[in-house]
Each structure stands twice: as C-alpha cells, then as structure tokens.
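Student: Dropping the structure in here first, questions after.
The values are calculated or read from the model by the stated rules, or taken from the named source; none is laboratory data. The structure presented is a predicted model; accordingly, all values stated were derived computationally and were not measured. Don't worry about glycine lacking a Cβ; one is built from the backbone with ideal geometry, like all the others, and counts go over all protein chains shown.
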Amino acid sequence: MKKYISYILVLFMFFSFIGCSKKKVEEVKEKDNFDIKMASVTVDNYVKLIKNENYELGNKLLSETVKTEQASLTKNDLKILGHKILEMSESDGEGIFKVEIVKCNLNKPETLITESQMTVIKEGMEYKIDKIANSVKKEIFYKNKMLRMRKEKEVETNLVIDMQGLPKYAYAKDDKAKMKIQIVPKSEFGVAEFGYEGNKIAITTYDANTFIGILTLDDTMVTQGNDEQKGEGEGKGQKEGAPGAILKEKPIGKQLLACDVLNNSDVEIMMFSMDEKLLAVQYKTRDNSKRCIRIYNVGSGELIPTMFEEEYPLNKVQVLLQEFQKEKMLFSIIPKTEADKDNEYVGNWEMDLKEFKLKKIVK
C-alpha cells in the first residue's frame, strides 16, 4: 500500500513539474511576443492623456529615455482636439507609428496639424513609448484681419482667407423656412479648426452673431501662383505708371461652404470626424440660456437629423463635446445648476455615426 502511494506521489510531482514548466514557457513566450494592437492601444492612450493634460499618467507609458518632468513643460493655449493613427508597422520587436494630431487655440483663430513618429517597445509585459519625433505640418494663424498659413519648414506664409472672401449673406439653420437671409458677421475671426487631411478648415467669424463655414484649401500651386503674381504686379505697375503697386494676394482658400449663422451665440469648440464627413460644433448663447452641440454634414453644410436641442432639456443641462472615434462621437451632459445634478440625462453619452442614435454610457 505504501509502495502504491509512493508511486502516486511521484507521478503527481512529475506532472506538476511538467505543468509548471509549460506555464513558465508560455509566460516567457508571451513576454517575448510583440502585439502591434496592444502597442497601438498604448499610443492611443498616451495621446488621450496628453490631451487631458494628465502628464503624470502619460509618463507611465514612456520608457525612461523619454520621460519628461512636468515642471519643465511650458504652458500654452493650444489644445489637442483630435488624433488619428495613420500608419503602423512592426520591425525587430518594435512598433513604429505615424500619428496625426490636430490642435486648436480656443481663445483665438489658431490651429495646426502635427505629425508624430512614435516607437513602441516591450518592457517585460508592458508596452512603452521609447521614441517620439514631432513636426508641425501646417499651421493657420490670425494676422491683420486675415487667416494665414505656414507649411512645414517654409519661411513664407500664404493668405488663406480675409473678410473680403466671405459671402455677404447666409441662411441660419434656425430659419427652417428660409424666410430671412442673414448678414454674415465680419468684425473678427473666431475659432478655427483643421481637418485631418489638412485641405479643409472650419472657420468662424463674429460680431452680434456668429458665422460657421467650411473652407476648402488648395496650396498645391502656391509657389507658381506667387511667381505669377510677382510678374503681373511688376508689369501692371509699369503700365499704369505706379511703381511699387502691389496686387492683392491670391488666397489658397478656394471654396467656402456656409453652414450656419448662430444668433447671439459664440462657438467654443469645433471638431471634424475622423473621416471628415461631419463637423461638430459646440456653442453657447451669450445670455447663457443654452450650451449645446450641432453636427453638420461636411459635403452639404446641412444639419444631421439628430437635433441635440430637441433631445435634451437645455434649461436644466448643458451638452459638451468630447471627441470623435472611428464609429461614434462621445459627449457629456452636465447639470446647468447644482439643483440639476440629479437630472436623469446627466452623464456620458455616445452617438453612432451611421444612424445618429444617442445612447447613455452606463458604467
């Protein structure tokens, strides 16, 4: 009997050893395997943390070689409003990512596109960003009642649009019957926002009201156009006997789609969807009666069927834009006053981008 029990114990120890060995081999194998999808999650999470200015958690996704002290960061008014991973590849156990990031100044007309090259490595079971190289591809800024653009590494800037390039009149979407056309405000440019491809920009102008438009850019012939203008300017000056006469600069903004005129309101944030088919606009009325979102079709300038003003009680809550993802848009509902904090609508929401259905996110 003792001999039989001894055999059982030996067999048990043998299979336990085999099982442990197999488990260790699997752990080593998992440790060595590089998962490009997990690496992309790290890149995505890192950009979102930087967007929310959570630099402490962002540093935890970096290797020791690229960690940055928060105290050394210089503050500015540029905010990340969107990002998209353009390319990703794996080489020698590393993930190489090209990320396009759109930034915007919410206080003045200023927007830019940066391209970030990130290298992701695997340290044990964790994915860490080991290299980051950024470059500004295009930037748009305000100067002398006009929007101008600077391209990567170029010293010269180009006129995008000035007030003369705006239409004189446009219809407000609130005027469903199109009974009265509105005068387009031309006192100042407001917030502006690049699309991901860099050939579209959402613009606003304001005075008593605010105009929203989508401008298509064509900067492919900038150099040739400048040379032609220079030649034409010299010839015209000689012909008319006015040496030094300067022709009006040709804008690279080619087509302007009028989307809306918001009465007695200010646009706070604008954001293109990742496929650039939609433009989301967060606005606030100047009497603080409502703060909400409107979504426009980029091709037509028309509103999508879902009207946020009709979906939520704006006398009790405010609707705030968060971000676009590939197949949905995220937004939040916050109480208008402390007395409304228990309102049933308060919380995080999403809208699918196919049928535009709204759904509250339950955690």
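Student: How many residues, within the range 102-111, are modelled with pLDDT of 95 or more and in a loop (DSSP other than H, G, I, E, B)?
Tutor: Of the residues in the range 102-111, 2 are modelled with pLDDT of 95 or more and in a loop (DSSP other than H, G, I, E, B).
Student: While we're here: Taking the criterion of being buried (at least 17 other Cβ atoms within 10 Å of the Cβ), touching a Gly at 6+ places or on another chain (Cβ under 7 Å) and not assigned by TED's automatic domain parsing to the domain that holds Gly190, would at least one residue in the range 326-336 satisfy it?
Tutor: Among the residues of the range 326-336, at least one is buried (at least 17 other Cβ atoms within 10 Å of the Cβ), touching a Gly at 6+ places or on another chain (Cβ under 7 Å) and not assigned by TED's automatic domain parsing to the domain that holds Gly190, which makes the answer yes.
Student: If you check Leu81, Leu159, Leu86, which single one turns out to be outside any loop (DSSP other than H, G, I, E, B), farther than 23 Å from Glu56 by Cα, assigned by TED's automatic domain parsing to the domain that holds Asn52 and in contact (Cβ under 8 Å) with a residue 12 or more places away in the chain?
Tutor: When all the criteria are applied, what remains is Leu86.
Student: Something else: Quick one: is Lys284 under 20 Å from Asn264 (Cα atoms) and in a strand (DSSP E or B)?
Tutor: Criteria met by Lys284.
Student: Tell me whether the range 262-272 contains one or more residues that are closer than 16 Å to Tyr206 by Cβ, of a type outside the set (S, T, N, Q), out of contact with any Phe, Trp or Tyr (no Cβ under 7 Å at 6 or more places or on another chain) and modelled with pLDDT of 95 or more.
Tutor: Checked against the condition, which is being closer than 16 Å to Tyr206 by Cβ, of a type outside the set (S, T, N, Q), out of contact with any Phe, Trp or Tyr (no Cβ under 7 Å at 6 or more places or on another chain) and modelled with pLDDT of 95 or more, the range 262-272 yields at least one hit.
Student: Give the residues of the range 142-153 that are surrounded by 15 or more Cβ atoms within 10 Å (Cβ to Cβ) and in contact with a Ser or Thr (Cβ under 8 Å, 6 or more places away or on another chain), sorted by residue number.
Tutor: Matches in the range 142-153: Arg148, Met149, Arg150.
Student: Which of the numbered conditions does Glu27 fail, given that it passes all the others? Conditions: (1) modelled with pLDDT of 95 or more; (2) assigned to a helix (DSSP H, G or I); (3) farther than 27 Å from Met271 by Cα.
Tutor: (1)
Student: Here is a follow-up. Six or more apart or on different chains, Cβ under 9 Å: which pairs go from a residue in the range 209-226 that's at pLDDT 95 or above to one that's of a type in the set (Asp, Glu)? Could you list them?
Tutor: Thr210/Asp260; Thr210/Asp266; Phe211/Asp260; Ile212/Asp260; Gly213/Asp260
Student: In a strand (DSSP E or B), of a type in the set (S, T, N, Q), surrounded by 14 or more Cβ atoms within 10 Å (Cβ to Cβ) and in contact with a Ser or Thr (Cβ under 8 Å, 6 or more places away or on another chain): which single residue out of Thr114, Thr119 fits that description?
Tutor: Thr114 is the lone residue from the list that is in a strand (DSSP E or B), of a type in the set (S, T, N, Q), surrounded by 14 or more Cβ atoms within 10 Å (Cβ to Cβ) and in contact with a Ser or Thr (Cβ under 8 Å, 6 or more places away or on another chain).
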